[in-house]
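Notes to accompany the following structure.
The values are calculated or read from the model by the stated rules, or taken from the named source; none is laboratory data. Keep in mind that what you see is a predicted model, and the values were worked out from it rather than measured. Note: ideal-geometry Cβ built from the backbone for every residue, glycine included; neighbour counts use all protein chains shown. The protein model used for the area step is the full one, side chains on, heavy atoms only, and it has no ligands, DNA or RNA in it. Shrake-Rupley method; radii C 1.70, N 1.55, O 1.52, S 1.80 Å.
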Amino acid sequence: MTGNVTEPRCAAISASLHEPQAGTAATAAAWLCLEQPGPWGRDALTQSRLDPRLGAELARRAADTGVRVLLIRRPGRHADTHHDTSRRVYLAATTPGRAWLEQADVATPDALLDLDFAALGAGRSPGFGTPAAHPLLLVCTNSRRDVCCALRGRPLAEDLAAARPDAVWECTHTGGHRFAPTGVLLPTGYTYGRLDPELARRLLDDAARGHVVTDRCRGRSTHTPHGQAAELAVRELIGEHRDVLTVHDTAGGGAVHGPTVHHVDGRAWRVTVDARDLPAAR
């Protein structure tokens, strides 16, 4: 990266500072995160030091299952030994009230071909790993998708990893890089933008206690964009920060939809969500 490339593009991102973030999270019922050191290309699964045939096959198997595949690496300047070593794998299901996170170390990434993607996407543990000890925060640093993610995401990840080396990883593209630095919190799948170290530490601390932070939250990947916005609106309305809400979204093709947000205590809210285009700001 050079200044004459990164700075103008990241300066343009300031136009998103007043753009609402709710409803902008990537949609995924489950996440598969594979450690892959070294540089990542724009299409990281097929443009990294991972065998591109394996990357393409993982993408094919994940298609239509609700599983999103990410590459992850430990924060640092492309820590890459160029040698085959064991890889850390995380599996997460984001089902409200029943989210879980497992980890495993595999000798070779080919071991993921034994994974039951359909079971993972349905929220069932495929018996691939063991329960993780704490939540994870994945910070996007995929510069080939957008240099802002690397320019803003890497310093954040390195700062956090200095004190929590096993709780913070760099990851490939998660969408919404105009909100960089962005992060995905597992196992719940809540996604955040415009992160700073203070908020990131709060996310991990509150997640360990089972609490949901709504500040700068883009939504929970479990839900559709309309459902994400509806759930966050209800949380703000009633001040609920526990994992006790589910969303039933029957959105059709119109501009205005009414997802229903249900509480485990029996209460329910019908939320009107109106999608509209923002004026071009840049």
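Arg194 falls short on exactly one of the conditions (1) more than 22 Å from Gly123 (Cβ to Cβ); (2) in contact with a strand residue (DSSP E or B) (Cβ under 7 Å, 6 or more places away or on another chain), and that condition is (2). The listed residues are Gly227, Gly189, and the only one of them that is touching a residue at least 24 places away in the same chain (Cβ under 8 Å), open to solvent by less than 10 Å² (accessible area, probe 1.4 Å), more than 30 Å from Gly55 (Cα to Cα) and of a type in the set (Gly, Ala, Ser) turns out to be Gly227.
When Ala180 is tested against (1) modelled with pLDDT under 95; (2) open to solvent by 40 Å² or more (accessible area, probe 1.4 Å), exactly one condition is not met: (2).
Taking first residues from segment 26-44 that are of a type in the set (Ser, Thr, Tyr) and partners that are at pLDDT 90 or above and open to solvent by 30 Å² or more (accessible area, probe 1.4 Å), the Cβ contacts under 7 Å between residues at least 6 apart in sequence or on separate chains come to Thr27/Thr224.
Looking across segment 193-223, the residues that are assigned to a loop (DSSP other than H, G, I, E, B), open to solvent by 60 Å² or more (accessible area, probe 1.4 Å) and out of contact with any Gly (no Cβ under 7 Å at 6 or more places or on another chain) come down to Arg209, Asp215. On inspection, Thr188 fails the criterion of being at pLDDT 95 or above, over 16 Å from the mean Cα position of the chain (by Cα) and of a type outside the set (D, E, K, R).
Checked against (1) in a loop (DSSP other than H, G, I, E, B); (2) more than 23 Å from Asp166 (Cβ to Cβ), Ala118 passes all but a single condition, namely (1). Restricting the search to segment 25-45, which residues are modelled with pLDDT under 95 and open to solvent by 30 Å² or more (accessible area, probe 1.4 Å)? Matches in segment 25-45: Pro39, Arg42, Asp43.
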